[in-house]
Amino acid sequence: MRAAGLSLAVLLALATAACDSSTSTPAPSPTTSSPTAAPPPSSGPPTTPGGTPTSSPPPRAFDAAAATATVRYLAGELGPREATSTEYRRALAWLETRFEAAGYQVKRQALQVPAGNSWGVPVRAGTTWNLIATKPGFDRSAPHRIVGAHLDTVPQAPGAEDNASGIAVLLGTAESLPAPKPPTVFIAFGAEEPRGDGDNRHHYGSRAYVASLPAAQRRALRGMVSLDRVGVGSVVPMCTATAGQVTLQRELRAAAARARVPTRSCVNRSSDHWSFVRAGMPGVRLGSTPYAEYHSARDLPPVVQAAQLGRIGRVLAAWLQS
Ligand SMILES: [Zn+2]
């Protein structure tokens, strides 16, 4: 392309971007929350002027302040959420209410987890649950995507970064994108954290979900993204489970470029994307920046940065709308 043409293209792009950020993106509604109350469901998306009852409302910008309120509620008020604990069940019920308020049909998938040792702390056998949210009319044999985040923590950590941050972006994305195409399934996984060593004492919820998928649904899955530790740092880690599987990672990097968010590539298997990749489906993890408070009682809300939640939210929105 000639220099003059390039300049024009750049100017047009800048003008469009300026317009997007100043006029056409509705301002997120302010979030009110007290130190003792769960953040309320954010006000509903704006209605479409002249829209029919069947039309979907337009997407809203990802609300990093509302996502931060989710982190404060889960990690600052509920505290540690080991997969079989009372606090886990409270977090599950709260999240279910929020998804329902945003117009999703929510299903609980129960699974049994064994006793074991989670990061140095004995844990008992018991029941945990995945929470699966879809829009009414979702056809699981048609092309779709999955966004997941684990809701549990190790027993000793309030889990602000690991992984209230991932749940905050999961919920905020579900609330702000009313009708992504292809459709998206949002899942909060139980018992991601280890109860012993090795692949089979880890990621129980996502393995149970994958095991329950009929072949047609496996074939229809276009990509699974696991949000795991997504509120620390200023660059977005995009991890494949195996070095060679880069197609989905490339899609996500392209989305990040459109959202003007810096990324880095990595390879790791220590999140729920691995359960999908092990079973032959495409999966990538967003997040994993190391931090000092990992799996400790100090993993509290101030560890999580709203700006990073916002970056992840923008990357995910750009991907889900492509
Ligand atoms: Zn985690």
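The values are calculated or read from the model by the stated rules, or taken from the named source; none is laboratory data. The structure displayed is predicted, hence computed values, not measured ones. Neighbour counts are summed over all protein chains in view; Cβ atoms, including those assigned to glycine, are modelled from backbone coordinates with ideal geometry. Calculation scope for accessible area: heavy atoms of the full protein, side chains included, ligands and nucleic acids excluded. Shrake-Rupley method; radii C 1.70, N 1.55, O 1.52, S 1.80 Å.
If you filter region 140-170 down to residues that are away from the ligand (no atom under 16 Å from the Cβ) and out of contact with any Gly (no Cβ under 9 Å at 6 or more places or on another chain), you find that the one that is least open to solvent (accessible area, probe 1.4 Å) is 144. Assess whether residue 198 counts as being away from the ligand (no atom under 16 Å from the Cβ), open to solvent by 10 Å² or more (accessible area, probe 1.4 Å) and either within 20 Å of residue 106 (Cβ to Cβ) or touching a Phe, Trp or Tyr at 6+ places or on another chain (Cβ under 6 Å) (or both). For residue 198, the condition - away from the ligand (no atom under 16 Å from the Cβ), open to solvent by 10 Å² or more (accessible area, probe 1.4 Å) and either within 20 Å of residue 106 (Cβ to Cβ) or touching a Phe, Trp or Tyr at 6+ places or on another chain (Cβ under 6 Å) (or both) - is not met.
Yes or no, residue by residue, for (1) open to solvent by less than 20 Å² (accessible area, probe 1.4 Å); (2) touching a strand residue (DSSP E or B) at 6+ places or on another chain (Cβ under 7 Å); (3) among the β-branched types (Val, Ile, Thr); (4) not in a loop (DSSP other than H, G, I, E, B):
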position	(1), (2), (3), (4)
100	no, yes, no, yes
108	no, yes, no, yes
112	no, yes, no, yes
122	no, no, no, yes
131	yes, yes, no, yes
181	no, no, no, no
186	yes, yes, no, yes
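Restricting 250, 218, 311 to residues that are assigned to a helix (DSSP H, G or I) and without any contact (Cβ under 8 Å) to a residue 24 or more places away in the chain narrows the list to 250. Selection of region 267-291 for residues being loosely packed, with under 14 Cβ neighbours inside 10 Å and within 16 Å of the ligand (Cβ to nearest atom) yields only 290. Just one of the listed residues (230, 235) is open to solvent by less than 30 Å² (accessible area, probe 1.4 Å), of a type in the set (Val, Ile, Thr), modelled with pLDDT of 95 or more and under 21 Å from residue 308 (Cβ atoms), and it is 230.
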